[in-house]
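See structure below.
Every number here is computed from the coordinates shown, using simple stated rules; none is lab data. Predicted model only: the values in this text are computed from it and were never measured. Here the Cβ is made from the backbone with ideal geometry for all residues, glycine too, and neighbour counts use every protein chain on show.
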């Protein structure tokens, strides 16, 4: 749970003007609303195991590290896009500091909530 508390504090410090209300800390998740209508749910067990789901309008997307899709170049992390397709996840990296992954994803989502841009690169 302290990982979620740390992420909550980092999000509050880094995105104060984009948040829409208080971040909710649940037993196993962090719920974040942005003023753009983006709703984010973070579930971080550790730097290698996580699920990050978000909604924007009627669209729902998710990145997770369930080790199910060995055919993807970013195995085990992968993206479930708004159309239900499975794609490589080019934004998060298992083992990287959770805040680095979360910040990179939030920055991308604030610009392109459906991740439709072809300019998504890992930094």
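Restricting to strands (runs of 3 or more DSSP E) lying wholly in the range 6-120: which have 2 or more residues that are touching a helix residue (DSSP H, G or I) at 6+ places or on another chain (Cβ under 9 Å) and exposed (fewer than 14 other Cβ atoms within 10 Å of the Cβ)?
Per the criteria, 39-46.
Consider residue 38 carefully, then state whether it is at negative phi and within 13 Å of the chain's Cα centre (by Cα). Yes: the conditions hold for residue 38.
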